[in-house]
Amino acid sequence: MRIIIKGVVQGVGFRPTVYRVASSLGLNGRVWNDGPDVVIDVDDGDRLLNSLYPHLPPLSVIEDVIVSDIGYTGGHDGFRISRSEKHGPGMSIPSDTAVCGKCLNDIRNGRRKGYPFTACTECGARFTLLDKMPYDRANTSMKEFKMCAECSEEYGSADDRRFHHQTICCQHCGPRYSLYDNSGRTVAGDPIAEFGKMIDSGKIGIIKGIGGMHICARADNVSNVRKWYGRSQKPFAVMVRDNDSMLRYAEPTEHEMKEAASRYRPIVLMRKKVSGIADIISPGLDNIGIFLPYAGVHYLLFDAMDTDAMIMTSANIPGQPMILNDSEAKKMNADAYLLHDQRIINRADDTVLRMRNGTTSFIRRSRGYTPSHIDVHDRGDVLALGAQENIVVSVACERRIHQTQYIGDHDAEGVAEYLEDASRSLMRMLCCTPDIVAVDLHPGYGNRRFAKLICENTGAELMEVQHHWAHCASLLTDNAVDEGVILALDGTGYGDDGEAWGGEIMYSDTESYDRMAHLQYIPLLGSEKALYDLRRLKFAVDRMNNVDSRLFDDASANVLRKMMNSSVRTSSFGRLLDTLAFSLDVCSERTYDGEPAMKMEPLLARGKKLKGYYTELKGNEIITAPLFTLFDRKEKREDIAYSVVRAVTDEMVNAACDIALSKGLSAIGVSGGVSYNGPICDMIDDEASKRGMKVMHHNRVPNGDGGISIGQAAVALRRFHQ
């Protein structure tokens, strides 16, 4: 028989497992990688498959098994592993995973003691080291390191768990760490231990790991890190030694602890414990981002240190992609640099997610969760480039939508090049040449230049997809449904009328959409300036309510009044939250993306509904400005915040339910960056349940702009079938 096995079957020890099982049964034949698949020719396929299934490698995922009777002619001299063959379409490699328990034991005992790059067929870097398929050493950055005699013996031994492990290495033949001081001089001694001592003493360092580099410091040194890095408010992620350490800083649910300890090791947002350190790490927020060690170097570093928690945030000049180049890292003026000589081919930031009522909201889907795909019904080849911020690119082919790792914000230096590299890399791995390149409707987004270049080179069609339609399509794809009435709630998205949308009720499928209702427009006085100077939003709302604002001097106020009728207007739920945050003295300016809305979340979580707060639907517009005239300073801030937001969400939910019921639907949905907000989603769920309706939430696709390209790809795929 010939057996073709599809799925995640390369880089996981699949061929060695087939070899062991076949040899134990005395079967004859061979196994090899063929493009993204594993192919087996064997004289008794039934016996092989029956014995293979109970022994599958932990990281493997079988999606299909194709068996054909070819008339075995391979001889009867036993079973062997053959060389890989052609590079075909598809993706079959696993994502990068945390070091396994067996390898961690090897790092602390035996011949690999103290060696941080120890891995096996069940763990370690995969995607970040891969240049192209099939997954062989020659197609990874490990091709630069020749195996020593001992590693070669392990590689060739069927009894060893590193049998045919493509990135096998040890301290005699593999990558190595070196430690440099602030002047670039090499520091003597064990690089990791000495680095640990420096961090323990209060120094700030840069460490190169899997997929990129991190800024590293003791958690209790966070104030100095903020001054050095110029990051006064944005929260930092914290790597903790173990579960016991996690419980010192956070109050995780069982679900959150399980996800944090998974082999993917994401940063998980958890409720933080009230403490001086935790408050400084995530000022003004109720949660803190915690993750556990995932690379050998992290464990060795903790072994060398007294602290149980470290600041570990992506090393980059603010706004730019994570640094890969050693010389660029040394420009950051850290106290120490722990760097290795293994080339990172595909950089990957740490994944960030939060859990809510059994669902997963990916804030940043990257290391450990890419490459990944979503199965769809429609066939076609599409490249979708996302929006302007939190970019993730998607490539659709063979009825699957594959996503790149998180890329960043296009207006930051270096992101355009990173976007192109990541896009070309994924297309190359998938053997995909797009027939359609999908982009956001906004005419000024920077990734349009690359889109046009691809279209010129391939003859592909350029297709524009409205921002919130893409949000809706991403939610439908995530939930595998064809149509829905969806609340698209975010900060800004270019609308069909040239205004900035973001508080929308849309009836959508992947062929078309109707904007059924939206929040009241608010002028963005000074356009981009209003996104950061929140006084401008409050001034505009005051003018809409005929209230005399005292936020600016007379000259400035006169200028702003003249701008009321000429400025771009927004229906954004995010801008409504910004205005509320300023009005309640929660946040006066935005220093990082989403800050005002994020700092509103603790108030919303503690508040209760007051009487007298309501909105009304006029035509297709939900009137919100009058809510800001209802404040009574005798009322608690959290109650005012809750009452305003609850009034708006109730109006939106009831309007959406009316529309859904008229179309015979039993659920509504919510997507966009605002849907990361737990209390707001609770409000939506609660009001919908009163109407007997369910609510669709995201679970696999990022809620925010990181999911836009999935929606764009889904919409573009329908073009092939119209």
It is to be established whether one or more residues within the range 663-678 are closer than 30 Å to Lys538 by Cα and part of a loop (DSSP other than H, G, I, E, B). yes
Among the candidates Ile317, Ile345, Ile391, residue that is in contact (Cβ under 8 Å) with a residue 40 or more places away in the chain and surrounded by fewer than 17 Cβ atoms within 10 Å (Cβ to Cβ): Ile317
Condition first: under 21 Å from the mean Cα position of the chain (by Cα), in the same structural domain as Gly184 (by TED's automatic domain parsing), surrounded by fewer than 16 Cβ atoms within 10 Å (Cβ to Cβ) and part of a loop (DSSP other than H, G, I, E, B). Can you find one or more residues in the range 225-246 that meet it? no
Number of positions in the range 252-266 that are surrounded by fewer than 21 Cβ atoms within 10 Å (Cβ to Cβ) and of a type in the set (Gly, Ala, Ser): 2
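Looking only at the range 39-83, which residues are small (Gly, Ala, Ser) and under 24 Å from Ser157 (Cβ atoms)?
Of everything in the range 39-83, those that are small (Gly, Ala, Ser) and under 24 Å from Ser157 (Cβ atoms) turn out to be Ser51, Ser60, Gly74, Gly75, Gly78, Ser82.
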Which ones in the range 39-88 are in contact with a Ser or Thr (Cβ under 6 Å, 6 or more places away or on another chain) and in a loop (DSSP other than H, G, I, E, B)? Pro57
Selection count, the range 524-552, where residues are farther than 19 Å from Asp490 by Cβ and assigned to a loop (DSSP other than H, G, I, E, B): 10
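Output the residue which, of all residues in the range 622-646 that are among the hydrophobic types (A, V, I, L, M, F, W, C) and part of a loop (DSSP other than H, G, I, E, B), is modelled with the highest pLDDT. Don't jump to the end; show me each part of the working.
Here is the first cut: in the range 622-646, the ones among the hydrophobic types (A, V, I, L, M, F, W, C) are 622-623, 625, 627-628, 630-631, 640-641, 644-645.
From the residues that got through so far, the ones that are part of a loop (DSSP other than H, G, I, E, B) too are 630-631.
Working: Leu630: 94, Phe631: 91.
Out of the qualifying residues, it is Leu630.
Name the one entry in Thr591, Thr579 that is surrounded by 15 or more Cβ atoms within 10 Å (Cβ to Cβ), hydroxyl-bearing (Ser, Thr, Tyr) and closer than 25 Å to Ala500 by Cα. Before you say what the answer is, go through the steps one by one.
Numbers: Thr591 fails: surrounded by 15 or more Cβ atoms within 10 Å (Cβ to Cβ).
None of the others qualify; the one that does is Thr579.
Test Ala555 against the criterion of being in a helix (DSSP H, G or I), touching a residue at least 60 places away in the same chain (Cβ under 8 Å) and more than 23 Å from Pro443 (Cβ to Cβ), and give yes or no.
It is false that Ala555 is in a helix (DSSP H, G or I), touching a residue at least 60 places away in the same chain (Cβ under 8 Å) and more than 23 Å from Pro443 (Cβ to Cβ).
From the list Gly78, Gly90, Gly124, which residue is modelled with pLDDT under 95, at positive phi and crowded, with 23+ Cβ neighbours inside 10 Å?
Values: Gly78 fails: crowded, with 23+ Cβ neighbours inside 10 Å; Gly90 fails: crowded, with 23+ Cβ neighbours inside 10 Å.
Gly124 is the lone residue from the list that is modelled with pLDDT under 95, at positive phi and crowded, with 23+ Cβ neighbours inside 10 Å.
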Any chance Ile401 is surrounded by 24 or more Cβ atoms within 10 Å (Cβ to Cβ) and over 30 Å from Asn325 (Cα atoms): yes
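This table checks each residue for (1) in contact with a strand residue (DSSP E or B) (Cβ under 6 Å, 6 or more places away or on another chain); (2) in the same structural domain as Ile522 (by TED's automatic domain parsing).
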| site | (1), (2) |
| --- | --- |
| Lys634 | no, yes |
| Asp639 | no, yes |
| Asn654 | no, yes |
| Gly672 | yes, yes |
| Ala714 | no, no |
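What tally of residues in the range 583-621 results from selecting those that are part of a helix (DSSP H, G or I) and either without any contact (Cβ under 8 Å) to a residue 40 or more places away in the chain or more than 19 Å from Val648 (Cα to Cα) (or both)? Write out each step before concluding.
Residues of the range 583-621 part of a helix (DSSP H, G or I): 583, 595-606.
The next check asks that each one be either without any contact (Cβ under 8 Å) to a residue 40 or more places away in the chain or more than 19 Å from Val648 (Cα to Cα) (or both); those that pass are 595, 603, 606.
Looking only at that region, the number is 3.
Just the residues that are polar (S, T, N, Q) and in contact (Cβ under 8 Å) with a residue 40 or more places away in the chain, please, taken from the range 118-171.
To start, the set of residues in the range 118-171 that are polar (S, T, N, Q) comprises 118, 121, 128, 139-141, 152, 157, 166-167, 171.
Passing the criteria: Thr118, Thr121, Thr128, Thr140, Ser141, Gln166, Thr167, Gln171.
The values are calculated or read from the model by the stated rules, or taken from the named source; none is laboratory data. It should be emphasised that the depicted structure is a prediction, and the values quoted were computed from it without experimental measurement. Because the Cβ atoms are built from the backbone with ideal geometry, glycine has one as well, and the counts that use them run over all protein chains shown.
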